[in-house]
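**Q** Here you go, one structure.
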Amino acid sequence: MKPLLKSNRTRILILSLAICLISMNSRATEGLENLVLLQSLEGRWRFSIGMNEEWTSPKFDDSSWESIAVPSPWEDEGFNGYNGYAFYRKSFTVSPDYKGRMLYLNMGYIDDVDEVYFNGKKIGSTGSFPPNYSTAYDAERIYYIPEEYINFNGPNVIAVKVYDSEQNGGIVSGDIGLYGGKNSVNLDVNLQSEWKFQPGDDMRRKEADYDDKGWGEVFVPAKWEDQGYRDYDGYAWYRKTFVYQSSNEKEKMVIIMGKIDDIDQVYINGTFVGSTGTFPKGENDEASAGEEYNAFRGYYIPDGLLRKNQKNVIAVRVLDTGGDGGIYEGPVGILSQTKYIEYWRKIKKSGNDE
């Protein structure tokens with residue numbers, strides 16, 4: 001595996017330790033193909049056509065809804081000819097034995113667009129709903145579940161909002177279930193959520209006071225091709241505003257950006273904090289990328305840059321040279337240096353057999 005970061009300007013958390021741990025545990029940053037099925041969720045789910053945002057709530061009473069098979073096109077379950085919005089809901093328990101692992105929900109293939117909620121919290125979406133409709137029928141849905149969203153002592157509720165434009169609709173195929181990955185990351189700030197997104201390139205977008213009100217939104221982490229930007233290659237920017245609240249007064253802090261396809265530059269409050277890969281220096285230079293898309297991003301945050309109890313802005317410049325693009329795999333968030341080191345040590349100790 002290549003070193004985490006290529007830019008000599010990059011501030012990286014204790015580089016020698018990170019390279020050592022990652023080189024000894026190359027699977028630690030491999031893709032989602034290494035996830036292990038912990039609990040199948042195939043079978044009967046509650047189902048209703050129509051759309052009501054109250055149906056995302058875990059407190060909603062769905063006892064009067066139909067029961068249909070998942071996975072299966074809803075046309076095969078008694079809703080032949082129906083196109084439009086519908087909801088699926090499922091209640092299940094999560095074993096306390098899974099605490100401390102990174103857990104993912106695999107919803108398989110959904111025709112055409114979806115939003116998924118776990119105990120009322122949105123954990124992912126793929127495709128684009130009307131009026132800016134874009135299908136993602138051919139994308140596998142694998143969504144990270146933040147540990148703080150999970151009830152290990154009682155029922156958990158999954159709610160899936162689906163839009164189908166024509167032909168087959170719904171959760172049509174795939175290996176639906178709860179999957180486990182490597183050890184959980186104890187984030188101080190969880191940034192796996194919706195971000196502002198805009199194709200194109202403009203270095204003014206890194207500034208904290210830049211006006212991004214007219215931008216679209218995408219979920220992070222997820223490929224932008226699956227969120228309405230199919231076949232788009234080139235430059236794009238992400239922006240996220242958050243309030244930083246932390247008791248780590250003296251700790252060094254790190255921002256982890258998971259994996260990005262292909263190369264990136266990360267700014268916090270207008271200040272450069274790290275990059276992976278090399279951007280073209282001029283308009284006539286050709287963009288090229290090697291294995292940067294598979295590098296795990298971990299960037300030091302300079303002391304005093306985060307504004308405590310105030311709004312902070314992260315801006316990420318991305319260049320995709322072809323194929324998939326964007327911040328496509330987590331975890332994504334901010335944590336202390338101590339937690340970052342502990343995370344990699346846990347992976348080393350476990351041998352990443354998870």
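What follows draws every value from the coordinates through simple rules; no lab data is involved. Since the model is a prediction, treat every value here as computed from it, not as a measurement. All Cβ positions, glycine included, derive from the backbone under ideal geometry; neighbour counts span all protein chains shown.
**Q** Find the centroid of the Cα atoms in region 120-149 and in region 39-56, then give the distance between the two in whole Å.
**A** 14 Å
**Q** Oh, and also: Under 1.5 on a/c is rounded, so check that first for the chain, then, if it is not, pick prolate when a/b is larger than b/c and oblate when it is not; a ≥ b ≥ c are the square roots of the alpha carbon gyration tensor eigenvalues.
**A** Prolate shape, in that a/c is at least 1.5 and a/b is the bigger ratio.
**Q** Which FRET efficiency, nearest 0.05, do Ser67 and Asn153 yield, Cβ-Cβ r, R0 30 Å?
**A** Values: r = 26 Å, r/R0 = 0.87.
The pair Ser67/Asn153 has a calculated efficiency of 0.70.
**Q** Let me ask something else. Does region 83-221 come out rounded, prolate or oblate by the C-alpha gyration tensor, with a ≥ b ≥ c the root eigenvalues, rounded set by a/c under 1.5 and, if not, prolate when a/b is larger than b/c and oblate if not?
**A** oblate
**Q** Mind ordering 324-330, 49-55 by average Cβ neighbours within 10 Å, highest first?
**A** 324-330, 49-55
**Q** Same structure, new question: Could you tell me the calculated FRET efficiency between Lys213 and Gln167, based on Cβ-Cβ distance and R0 = 30 angstrom, to the nearest 0.05?
**A** Given R0 = 30 Å and the Cβ-Cβ separation, E is 0.25.
**Q** Calculate the dipole size of the chain relative to its Cα centre from +1 charges on Lys and Arg beta carbons and -1 charges on Asp and Glu beta carbons; express the result in debye to the nearest 20.
**A** Roughly 2020 debye, rounded to the nearest 20.
**Q** Need the full-extension length gain, Tyr232 to Ala289, defined as separation in residues times 0.36 nm minus the C-alpha distance. One decimal, nm.
**A** Net length gain for the segment: 18.9 nm.
**Q** Roughly how large, in nm² to one decimal, is the mean projection of the convex hull of the alpha-carbon atoms in region 40-160? Intermediate values should be presented prior to the final figure.
**A** On the way: hull surface 30.6 nm².
The directionally averaged projection comes out at 7.6 nm².
**Q** Per DSSP H run of at least 4 residues, take -39500 (n - 2.57); add these up for the chain, divide by its residues and hand me the 222 nm value, nearest 500 deg cm²/dmol.
**A** Working: 2 runs with 24 residues, N = 354.
So the helix-based figure for the chain works out to -2000 deg cm²/dmol.
**Q** Right, here's the next one. Would you report the distance distribution of C-alpha pairs in region 241-342 as whole percents per 5 angstrom bin, up to the bin with the largest distance?
**A** Each 5 Å bin holds this share of Cα pairs: 2, 12, 22, 22, 17, 12, 7, 4, 1, 0.
**Q** Given points 7 Å out from each Cα along the Cα-Cβ axis, report the Met203 to Asn132 separation in nanometres with one decimal.
**A** 2.7 nm
**Q** Let me ask you something else. Taking amide H positions as placed 1.01 Å from N in the peptide plane, with prolines and chain starts having none, which residues 5 or more places from Gln39, or on another chain, fall under 5 Å of its amide H?
**A** When sequence neighbours closer than 5 places are left aside, the close amide H contacts are Leu178.
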